[in-house]
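The values are calculated or read from the model by the stated rules, or taken from the named source; none is laboratory data. Note that this is a predicted model, so its numbers are computed, not measured. Cβ: placed from backbone, ideal geometry, glycine included. Neighbour counts: every protein chain shown.
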Amino acid sequence: MTLKDFSLTAAVFRTETRSALRDRHVVVYSLVLPIFLYPAMLLLFGQVMQYRTGALERQTARIAWEGEEASTRLFAELRKDRRFEIVRGETGEDAVAAGALDAFLRVRPAGETGSAIEAFFDLSSDRSLTARERLRERWEEARRDLLRERAAAYGATEAVLNVLAVREENIASPEAMGRYVLSLLLPMILVIMLSMGAMYPAIDVLVGERERRTLESLLASGAPRVSVVAGKFLSVLAASLAALLVNLASMILTLRHQAGLFGGEEEFSIGVPWSAIPVILGGGALLGAFFSASMILVASPARTFKEGQGYLTPFYILSLLPAVAGASPGVEFGPFTALIPLTNATLLFRSALVGSFPPLPTAITLLSLLVYLFAVLLAAERILGREGVVQGRVRGIGQLRLALRPARAISGRSGRWRR
């Protein structure tokens with residue numbers, strides 16, 4: 001490309017960017033929505049969780065039992081505990097299944113090892129789960145009291161009961177915990193938003209211009225086809241990267257102000273390590289370029305904006321599956337997963353956020369993203385270089401494969417497929 005071609009590419013880029021900023025789809029879904037979406041979602045989630053927790057705490061657990069009350073102290077404490085309601089006339093596990101009881105206890109006769117209690121719960125019910133937690137507290141207290149009494153009867157002190165004292169301590173710093181929380185939430189969101197940020201601009205740069213009937217005048221201006229395509233591609237990439245940056249900033253600021261949802265600021269300090277920023281921006285640029293070129297290609301046969309959405313929606317949904325796989329706990333960032341498209345980018349983001357940069361998987365991921373991007377750009381150069389593709393004379397995605405063939409073979413099949 002000559003200097004003039006670069007200037008034409010820049011002109012097309014500026015024109016497409018201004019057009020995208022006037023498009024409400026791009027502005028709303030890529031820029032405005034992330035600013036308000038995450039704070040609203042987390043605030044609503046926090047309020048719902050607080051309401052749910054408070055409602056469950058205020059509810060009384062309905063319990064009943066049958067059999068010999070050998071553990072008199074336990075049942076006496078249950079009667080005095082206002083968190084429990086002793087229900088008369090309802091017995092058996094069928095009452096728990098029907099929702100009349102939250103828990104049912106069956107006491108077996110005392111033997112050599114003492115009395116035994118069979119407890120029945122419905123773990124698909126929040127009320128029954130709460131009843132189980134409360135009963136476990138009471139059982140543990142009653143068990144400790146009985147052990148103290150037996151130890152005293154044998155002349156032993158309470159120290160003999162502490163045969164295995166365990167003290168748990170989290171050695172992770174608040175910064176490390178904050179990076180861990182970000183690594184669970186942010187990578188998949190970044191991949192999704194890179195894809196969503198490129199979606200509507202990718203439709204508009206070709207299909208939108210066909211509907212507005214401005215594409216013909218652009219092609220008739222004498223600008224080289226490669227400059228036109230490059231300018232449109234860069235404008236879609238810019239929209240995708242803008243969505244990445246806006247979502248990244250919005251998510252981090254929201255989580256910093258909603259740290260109480262994860263345990264408080266003394267346990268979590270939300271922030272992206274400086275060492276992760278170049279990796280996220282570099283990997284995001286490669287992934288955004290891949291999405292931009294791919295979506296322009298997939299949407300190119302569409303005749304209307306709505307049809308373009310129909311073409312890109314399955315592509316968008318399919319792109320979520322590898323991202324979800326990469327964000328799943330237990331998936332390791334290794335040489336094999338570094339070769340899987342989109343999964344490798346998600347794992348790269350997750351690894352960078354926790355401050356880990358395994359050299360081999362990171363290098364394989366960046367190299368594979370470059371290879372995938374080069375393959376898509378090569379296909380884009382060949383397909384979008386066809387007059388019939390750019391002007392919308394292709395009907396359906398299935399006919400795009402014909403554009404990958406040499407021009408003579410295509411012209412032999414259909415006179416519409418000439419350069």
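For residues in the range 41-67 being under 20 Å from R127 (Cα atoms) and modelled with pLDDT of 80 or more, which is surrounded by the fewest Cβ atoms within 10 Å (Cβ to Cβ)? My answer is R58. Among the candidates P322, P329, P361, the residue that is part of a helix (DSSP H, G or I) and modelled with pLDDT under 90 is uniquely P322.
In the range 338-358, what count of residues is obtained for those that are part of a helix (DSSP H, G or I) and either farther than 13 Å from P187 by Cβ or not assigned by TED's automatic domain parsing to the domain that holds A293 (or both)?
The qualifying residues number 2.
When we screen V246, V207, V228, V236 for residues that are assigned to a helix (DSSP H, G or I) and at pLDDT 85 or above, the only hit is V236. The set of residues in the range 88-122 that are more than 46 Å from the chain's Cα centre (by Cα), under 20 Å from T60 (Cβ atoms) and at pLDDT below 80 contains only G89.
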